[in-house]
Amino acid sequence: MAEIKAGTNGDKYIPYSERTGESSVVYFTRDLSAEGLIKIYKRVSEHMKGKVAVKLHTGEQHGPNIIPRPWVKELIDKELKGANIIETNTYYEGDRFTTEQHRKTLEVNGWTFCPVDITDEDGTAMLPVKGGKWFTQMSVGKNMLNYDSMLTLTHFKGHMMGGFGGSNKNIGIGCADGRIGKKMIHTCEGSDDMWSIAMEELMERISESTKATVDHFGENNAFINVMRNMSVSCDCEGVRAQPVVTPNVGIVASLDILAADQASVDMIYAMEEKDRHALVERIETRHGLRQLSYMKELGMGNDKYTLVDIDNEDKIIDAKEAVKGVKPFKKE
């Protein structure tokens, strides 16, 4: 397993200069639009083959911060013809608890322009977890196994329990089925508290769940994080989400899940204190940084990366340069 130079505590940020190991490529654009999304997707599309699943958090009803539907529609229409959005039902009771409720919410939120496969609608399947300490296998929606490739298209934001929701959380929670897999991640065996697992252990369980899915698709994975409307709340909170105070940044993409999430987190930490405070506090109080160090321990990718600015002739930049000049958040 990869050496972690700093501690594994999820409330301790590891500066780039202290990281060890190999490096991956991460692409970046400030263009928050359908055109920007398509442009950056093309940089990581090489392994999107056969039947493609687009793993998307489609949100609770009327959620204000989800990735704009027209952007996703244009991406699928132009670059991913025949692809399906995939989702799973939720562990908690709400707008997406049952398949019937979930389909109604998809209609309300406008996810009607292509098929949406609720992958646990027809049952579950077990995938192996290699090298985990909490699981040897993870329960996922059975229909996910019908796909050859997966594009993880993530709205990067905060999260009530995970600290932040990047590609790792999108897959780890979002591909685990609603009754078995999510219970394995969130609940101690025999506990009456469905949310009885938190902090370091929760981050590790999420990451092991992610590893099962990423390993299943092998090289046929790609990861995009859209850093826009970044509330400290997840899209699972819908209209109850906390107001956005973190500036919009842009879109990050990589073939390396850890590098994609790490670069996104680095951009948050590279902001001025007044701009980063709310999201950093949410990440650190939930020990969310453990997602990153544990992914590295599991061999899921690299926390060092070359950041390629596709807006400026592929200039190599760092996180501080990426967020230089970001403007205070203004509601669209």
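The values are calculated or read from the model by the stated rules, or taken from the named source; none is laboratory data. Quick caveat, the model's predicted, so the values are computed rather than measured. Virtual Cβ from ideal backbone geometry, glycine too; neighbours counted across all protein chains shown.
Table: residues versus (1) over 20 Å from ASP148 (Cβ atoms); (2) among the polar types (S, T, N, Q).
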| site | (1), (2) |
| --- | --- |
| ASP31 | yes, no |
| ALA53 | no, no |
| GLY82 | no, no |
| ILE86 | no, no |
| GLY94 | yes, no |
| THR105 | yes, yes |
| GLY110 | yes, no |
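Across segment 291-332, what is the number of residues that are under 22 Å from ASN221 (Cβ atoms) and of a type outside the set (S, T, N, Q)? Write out each step before concluding.
Restricting attention to segment 291-332, the residues satisfying the condition of being under 22 Å from ASN221 (Cβ atoms) are 291-308, 310.
Subsequent filtering for residues that are of a type outside the set (S, T, N, Q) retains 292, 294-301, 303-305, 307-308, 310.
The qualifying residues number 15.
Does ASP193 satisfy being under 25 Å from SER254 (Cβ atoms) and surrounded by fewer than 23 Cβ atoms within 10 Å (Cβ to Cβ)? Talk me through it step by step, then tell me what you get.
On the way: under 25 Å from SER254 (Cβ atoms): no; surrounded by fewer than 23 Cβ atoms within 10 Å (Cβ to Cβ): yes.
Here the answer is no, as ASP193 does not meet what is asked.
Can you name the number of the only condition in (1) in contact with a Lys or Arg (Cβ under 6 Å, 6 or more places away or on another chain); (2) without any contact (Cβ under 8 Å) to a residue 60 or more places away in the chain; (3) surrounded by fewer than 22 Cβ atoms within 10 Å (Cβ to Cβ) that THR90 fails?
Status for THR90: all satisfied but (2).
Looking at the structure I just gave you, is THR105 among the hydroxyl-bearing types (Ser, Thr, Tyr), in contact (Cβ under 8 Å) with a residue 12 or more places away in the chain and in a helix (DSSP H, G or I)?
Details: among the hydroxyl-bearing types (Ser, Thr, Tyr): yes; in contact (Cβ under 8 Å) with a residue 12 or more places away in the chain: yes; in a helix (DSSP H, G or I): yes.
So THR105 fits the description; yes.
Which is of a type in the set (Lys, Arg), within 19 Å of the chain's Cα centre (by Cα) and modelled with pLDDT of 95 or more, of LYS142, LYS182? I'd like the intermediate steps shown before the answer.
Details: LYS142 fails: within 19 Å of the chain's Cα centre (by Cα).
It is LYS182.
If TRP71 passes every condition in (1) in a strand (DSSP E or B); (2) out of contact with any Gly (no Cβ under 8 Å at 6 or more places or on another chain) but one, which one does it miss?
Here TRP71 meets the rest and fails (1).
It is to be established whether one or more residues within segment 138-153 are within 26 Å of VAL239 (Cα to Cα) and in contact with a strand residue (DSSP E or B) (Cβ under 7 Å, 6 or more places away or on another chain).
The first filter runs over segment 138-153 and keeps only residues within 26 Å of VAL239 (Cα to Cα), leaving 152-153.
Those still in the list that are in contact with a strand residue (DSSP E or B) (Cβ under 7 Å, 6 or more places away or on another chain) too: 152-153.
Looking through segment 138-153, at least one residue is within 26 Å of VAL239 (Cα to Cα) and in contact with a strand residue (DSSP E or B) (Cβ under 7 Å, 6 or more places away or on another chain).
Can you tell which of VAL54, VAL108 is within 28 Å of LEU37 (Cα to Cα), crowded, with 16+ Cβ neighbours inside 10 Å and modelled with pLDDT of 95 or more?
Numbers: VAL108 fails: crowded, with 16+ Cβ neighbours inside 10 Å.
Just one listed residue meets the conditions, VAL54.
Could you check segment 23-58 and list, in sequence order, the residues that are aliphatic (A, V, I, L, M), assigned to a strand (DSSP E or B) and out of contact with any Phe, Trp or Tyr (no Cβ under 7 Å at 6 or more places or on another chain)? Spell out the reasoning first.
Taking segment 23-58 as the starting set, the residues that turn out to be aliphatic (A, V, I, L, M) are 25-26, 32, 34, 37-38, 40, 44, 48, 52-54, 56.
Then keep just the ones that are assigned to a strand (DSSP E or B); that gives 25-26, 52-54, 56.
Once the filter is applied, which keeps residues that are aliphatic (A, V, I, L, M), assigned to a strand (DSSP E or B) and out of contact with any Phe, Trp or Tyr (no Cβ under 7 Å at 6 or more places or on another chain), segment 23-58 yields VAL54, LEU56.
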